[in-house]
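Everything on this sheet refers to the single structure shown next.
Bear in mind these aren't lab numbers, they're just calculated from the coordinates by the rules spelled out. Just so we're clear, the structure is a prediction, and the values are computed from it rather than from any experiment. Reconstructed Cβ throughout: ideal geometry from the backbone, glycine too, with neighbour counts over all protein chains shown.
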């Protein structure tokens, strides 16, 4: 079994951003990003890593992080948890 692929996720100007291989993702919510990225990598286990400062500094990002962590079915952690 291979290691899960870590996907670093950033929050900027109300958008969630990630780069995977040669693809860039810009989604309006963290849940949308979490649903979109696996379409590119259907056979890989993914870990979405959100920078802890994002969660601490933006109320909207913190709420989306909490929702995604509990409801998305994906492994979503903050950089402090790594």
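A few notes on this one:
- Sole exception among (1) in a helix (DSSP H, G or I); (2) over 20 Å from residue 3 (Cβ atoms) for residue 37, by number: (2)
- On the stretch given as segment 11-44, residues that are under 14 Å from residue 60 (Cβ atoms) and in contact (Cβ under 8 Å) with a residue 40 or more places away in the chain total 5.
- Only one of 61, 74 that is touching a residue at least 40 places away in the same chain (Cβ under 8 Å), within 13 Å of residue 14 (Cβ to Cβ) and under 12 Å from the mean Cα position of the chain (by Cα): 61
- Count of segment 22-34 residues which are more than 11 Å from residue 7 (Cα to Cα) and either in a helix (DSSP H, G or I) or within 9 Å of the chain's Cα centre (by Cα) (or both): 3
- Residues (assigned to a helix (DSSP H, G or I) and within 17 Å of residue 27 (Cα to Cα)) located in segment 56-65: 60, 61, 62, 63, 64, 65
- The numbered conditions (1) surrounded by 12 or more Cβ atoms within 10 Å (Cβ to Cβ); (2) touching a residue at least 12 places away in the same chain (Cβ under 8 Å); (3) out of contact with any strand residue (DSSP E or B) (no Cβ under 7 Å at 6 or more places or on another chain); (4) outside any helix (DSSP H, G or I) are all true for residue 47 except (3).
- Every residue from segment 1-28 that is surrounded by fewer than 16 Cβ atoms within 10 Å (Cβ to Cβ) and within 14 Å of residue 76 (Cα to Cα): 4, 5, 6, 8, 10
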